[in-house]
Protein chains: 2
Amino acid sequence: MVVKSREREKKTDRVFFALSDATRRDIVTQTLDRERSVSELGRLYPISLTAVQKHVEVLVDARLVSKHRSGREQLVRGEIEQLRRAHQLLDGLEALWRARLERFEDVLSETTRRESE
Amino acid sequence: MVVKSREREKKTDRVFFALSDATRRDIVTQTLDRERSVSELGRLYPISLTAVQKHVEVLVDARLVSKHRSGREQLVRGEIEQLRRAHQLLDGLEALWRARLERFEDVLSETTRRESE
DNA sequence: CGATTTTACAACCATATGGTTGTAGGTTAT
DNA sequence: ATAACCTACAACCATATGGTTGTAAAATCG
């Protein structure tokens with residue numbers, strides 16, 4: 001049985017929500033490739049550094065990136081685990097759809113068989 | 001080259017945003033399995049029917065479900081295409097991460113080779 | 001026909017979101 | 001040392017979100 005604790009659902013909410021903004025998706029892209037400082041990220045987008053900082057915080061809360069300080073810089077690194085969870089969730093939904101498709105195909109072949117009798 | 005039109009990005013925003021709410025994810029689950037009327041969905045959750053209607057609208061805008069009228073009922077059906085797009089986007093991100101991992105492993109094996117010399 | 005079901009939609013409300021500017025405190029470089 | 005750089009955070013603002021209740025109009029049932 002699939003367990004859906006409220007806590008787990010909220011975590012999933014945060015992951016999908018974090019990915020629902022193009023700037024944040026790009027930050028994930030950049031930081032999965034290699035670590036970037038917050039100010040480096042700030043130079044990539046036409047918004048204030050504060051806005052970028054907030055986007056990074058949303059991603060940290062969703063565990064899609066992690067931060068660690070190095071001198072005066074805060075380095076951001078993309079993390080894979082929650083992406084995998086989201087991936088699995090989508091897999092589950094697609095499996096449901098395939099099951100529906102198969103039932104539909106069964107009915108169709110039944111009908112075809114009867115028609116050819 | 002990956003083309004990122006603003007229109008496409010907004011579409012992606014809507015898909016991930018629609019999936020960032022547990023009730024909406026459940027509606028997708030239910031309607032991928034089989035069609036459900038809006039009122040039928042309304043009975044599944046501890047919120048008003050109006051709230052459920054709004055959730056369905058968000059999902060329709062994201063093209064994660066479609067609606068068609070049958071008599072007085074509005075039937076909702078889960079759609080697979082946008083789920084697949086989201087799936088592919090996650091695949092792309094995971095591929096980036098794997099590339100980073102491989103570069104890291106290369107450096108590591110270089111180091112190991114030198115150490116054993 | 002009259003009652004019930006199902007949907008639609010407006011109006012309202014509290015809170016969240018995504019952006020801004022301004023202030024300030026560490027860290028590094030010249 | 002002092003200037004430049006990087007980050008943190010408060011305060012503010014407009015709009016979006018997720019919920020509510022209430023009203024009303026089709027469609028179906030008995």
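Numbers below:
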quantity: Test: residue in segment B:37-56 that is under 20 Å from A:Q88 (Cβ atoms) and surrounded by 21 or more Cβ atoms within 10 Å (Cβ to Cβ); calculated: no
quantity: Residue list for segment B:28-64, filter: among the hydroxyl-bearing types (S, T, Y) and farther than 22 Å from A:A99 by Cα; calculated: B:S39, B:Y45, B:S48, B:T50
quantity: Verdict on A:Q82 being polar (S, T, N, Q) and within 14 Å of DNA strand C (Cβ to nearest atom); calculated: no
quantity: Boolean, A:R84 is away from DNA strand D (no atom under 12 Å from the Cβ) and modelled with pLDDT under 95; calculated: no
quantity: Qualifying residue in segment A:91-100 (condition: more than 8 Å from chain B (Cβ to nearest Cβ), surrounded by fewer than 16 Cβ atoms within 10 Å (Cβ to Cβ) and within 14 Å of DNA strand D (Cβ to nearest atom)); calculated: no
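The values are calculated or read from the model by the stated rules, or taken from the named source; none is laboratory data. Source: prediction; values computed, not measured. Virtual Cβ from ideal backbone geometry, glycine too; neighbours counted across all protein chains shown.
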